[in-house]
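For reference, the structure is listed below as structure tokens.
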Amino acid sequence: MYYSEIALAFLDLELPPSSVQLCSCLDPAQAQPQGSTAWLSGQLLALRPRCSDAPRLPVRRQRSLLASGAAAHCRVRTDSMPVLVRNAHKFTFYTQFVCVGGSPNRMKAFAQFMHKELGLEGSGEDVADICAGTDRYAMYRTGPVLSISHGMGIPSISIMLHELIKLLHHAKCRDVTIIRIGTSGGLGIKAGSVVITDTAVDASFQPRFEQVVLGDVVVRSTDLDRELAEELLACSKEVPNFPTLIGHTMCTYDFYEGQGRLDGALCSFSSEKKLEYLKRAHKAGVRNIEMESTAFAAMCRLCGLRAAVVCVALLDRLEGDQIRAPREVLREYQQRPQRLIAAFIRRRLGLCPPPATEGTTDLHGL
């Protein structure tokens, strides 16, 4: 039987006003009774029961929420992850880090990699997909780390984030750090460099995320946690052999024309115009380009989540559009953000680096 942990977050919405309180998703100290609305001063709030024995809707109601499509994208399998549904309160103590990336296979490999890096028992090869009830996303838990795929582009990652944030709230998780890890195109930096984002900017180099809500354009800030970025940069010293830097990340809605590529099915500009645009982006502080960071930064900021974006540059876009590095080189490039995040998590947990054994940093062919 499949249920959705996200659907359970809706159950509190029908509690009597006397038994609920409004609180920030991740900051219970700011909680205060405010009636029944879930919005206050532009900050995303969530309803939380005051008592652990607050009434729950019957299973029939849970199923109707799933059938209505309210949370059909991250369906949690109860037999593979019972702590999420049957004992959600225990999930609080387990989840400290959430790492998200585009590819389901890559995030599974990252979960297996973290299993080794954290020195957990067993091989980790049989890590289970918590969201096995859907083919939209994949989710794996390794100790205190959740590893989740988000697909490609702003629409896909925003759906995942909405449902993930509700999951974290319902499980009463606190002080969670969320990090997007992935690949990107570099600007004026060496291929293989790892960029830690300080601010995500749009295709006009502005630190904003624009979204049309009920016909109106809503503009949200895309600043990320500066202290977290500096902490990640400090951790990069523990992972030698590749350059790491802090810079702006430009987020676009398209991989081809939106990023100034000449090799798509459509191209409405010259190579000279393309190069001029990319040089303006570099002058504005942009050091890499991808397709998720503005939505990620805006949503995490609104919900009070400490967040970071860490991506490797597969090429320098000032030198061309095509990735020409050999497959084995690209494979090693893609491991670099994961190795950095592993060092960061080990440091946060007070763990020593794992022994340098064969296969320790092998992310299973990715």
For region 268-288, which positions are under 21 Å from Ile323 (Cβ atoms) and under 31 Å from the mean Cα position of the chain (by Cα)?
Lys274, Leu275, Tyr277, Leu278, Lys279, Ala281, His282, Val286, Arg287, Asn288
Condition test on Ile165, is it surrounded by 24 or more Cβ atoms within 10 Å (Cβ to Cβ) and within 24 Å of Arg346 (Cβ to Cβ)?
no
Taking Ala313, is it closer than 28 Å to Lys279 by Cα and within 12 Å of the chain's Cα centre (by Cα)?
no
Quick one: would you say Val239 is more than 18 Å from Ile323 (Cα to Cα), loosely packed, with under 13 Cβ neighbours inside 10 Å and within 23 Å of the chain's Cα centre (by Cα)?
no
Under 7 Å between Cβ atoms, which residue pairs at least 6 apart in sequence (or on different chains) link something in region 215-236 that is under 16 Å from Cys311 (Cα atoms) with a partner that is among the charged types (D, E, K, R) and in a helix (DSSP H, G or I)?
Cys235/Arg347
Out of the strands (runs of 3 or more DSSP E) lying entirely within region 236-353, which hold 1 or more residues that are closer than 24 Å to Thr95 by Cα?
306-316
Top-ranked residue in region 196-214 [being in contact (Cβ under 8 Å) with a residue 40 or more places away in the chain and aliphatic (A, V, I, L, M); ranked as surrounded by the fewest Cβ atoms within 10 Å (Cβ to Cβ)]:
Ala203
Within region 287-300, does at least one residue satisfy the condition of being over 27 Å from Arg220 (Cα atoms) and either out of contact with any Pro (no Cβ under 7 Å at 6 or more places or on another chain) or at pLDDT 95 or above (or both)?
no
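The values are calculated or read from the model by the stated rules, or taken from the named source; none is laboratory data. Owing to the predicted nature of the structure, the values given are computational and were not obtained by experimental measurement. No Cβ is skipped: glycine too gets one built from the backbone with ideal geometry, and neighbour counts run over all protein chains shown.
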